[in-house]
Amino acid sequence: MITVLTFIQYLIPVILVFMLTRVYKEYQKEKIEKAEIRKRLESPLIYDPETGMEITLEQAEKGTFIDHDNHNRIRTKKELDQYFDATERVVEEIANYLKVNNYSVFTLDEEHYSILDTISITKKYDTFDCQRCYKNLESNFLVLFPKVYIESTRQQIGINGFQILYWVKTTNFDGHYYLRPKTNLESVLDKIRQDDPFIIENFEIYPIKEEINILPLIHLLKKFEGLEEIEIELKENDFFIKTLVEPTMDKFLELERIIKTIASNC
């Protein structure tokens, strides 16, 4: 039988390899992004992301940007190839998908920001910038692409990139719960002593304010069992699902299928 001490001794080198691999990937990503930025700076023209047009530096200095009201404009492949780094390109590809699949650009107001400021999902970041937002016109939920930042320290690896955040308005809940992926150690310790208020596979559960209507809550959360690299928060009638890694189209579509089912029943 493997003891907890033996397991921890086995786990330490695995964690070290994981951390070193992540640091190397971040270094390679930063190197590529710097090369792309350098290439853009060498161009005599300036790209206007709103219109997709290129203007000269002289035009930009005179403020001669082109007015437009088409915020749902589809970005071309040429734009994506030439003006966006790898992560930005994925976000723009998802945005293109949204614009042709019954989503529309949406502007958050002060009430939205005040709610975002009070949830656990946002509080751990040094910066949580939600400039990009789209609204599903059928089921009335939001898709955001927050730009998040955590400064790197000796205790933690820094984060600087985009993520995906779904925001659904639910009904009949008054509790507040935060869920994040379990660590390997937590999974082992749960076999000795289960400390979660209920079980959702793969998630550690923090009851901030207990829900009276517990069975519908469990039924809702069960839809996300086994999914990786996401965190979940329910605060009364606001339900949030956010990725913990940079966006991919596959992850977006995987979550969208679940969110549409939930939103259509709210």
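Quick note: the coordinates plus some simple rules give every number you see, no bench work behind them. These numbers were taken from a predicted model, which means no experiment stands behind them. Positions of Cβ are backbone-derived with ideal geometry, glycine not excepted, and every protein chain shown enters the neighbour counts.
Laid out as a table, the results:
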read-out	value
Gain upon complete extension [residue 215, residue 265; 0.36 nm per residue less C-alpha separation]	16.4 nm
Summed side-chain charge close to residue 172 - residues other than residue 172 whose Cβ falls under 11 Å, Lys, Arg +1, Asp, Glu -1	-3
Distance violations [Cα-Cα > 19 Å] among 124/191; 209/235; 99/222	124/191; 99/222
Inter-label distance, nm, simple model (7 Å from Cα along the C-beta direction), residue 12/residue 254	3.2
Net lengthening on full extension, residue 82/residue 125 (0.36 nm per residue, minus Cα-Cα)	12.4 nm
Burial ordering of 75, 257, fewest other beta-carbon atoms within 10 Å first	257, 75
Approximate shape of the stretch 100-264 as ellipsoid semi-axes (Cα gyration tensor, √5λ), whole Å, largest first	24, 21, 15
Charge tally in the Cβ shell below 13 Å around residue 218, where Lys, Arg are +1 and Asp, Glu are -1, residue 218 excluded	-3
Cα-only radius of gyration and Dmax that characterise the stretch 69-162, units Å	15.3, 47
Spacing of the two label points (7 Å from each Cα toward its C-beta) at residue 183 and residue 196, in nm	1.7
Computed Rg/Rh of the stretch 170-266, alpha carbon atoms with Kirkwood Rh	0.96
In nm, spacing of pseudo-spin labels at residue 97 and residue 74 (7 Å Cα→C-beta vector)	1.5
FRET efficiency estimate (nearest 0.05) - Cβ-Cβ, residue 152 to residue 225, R0 41 angstrom	0.80
For 143, 100, order by how many other beta-carbon atoms lie within 10 Å, fewest first	100, 143
Low-density loop cleavage sites - GluC sites (Glu not before Pro) in the stretch 62-158, where at most 16 other Cβ are within 10 Å (DSSP)	138, 151
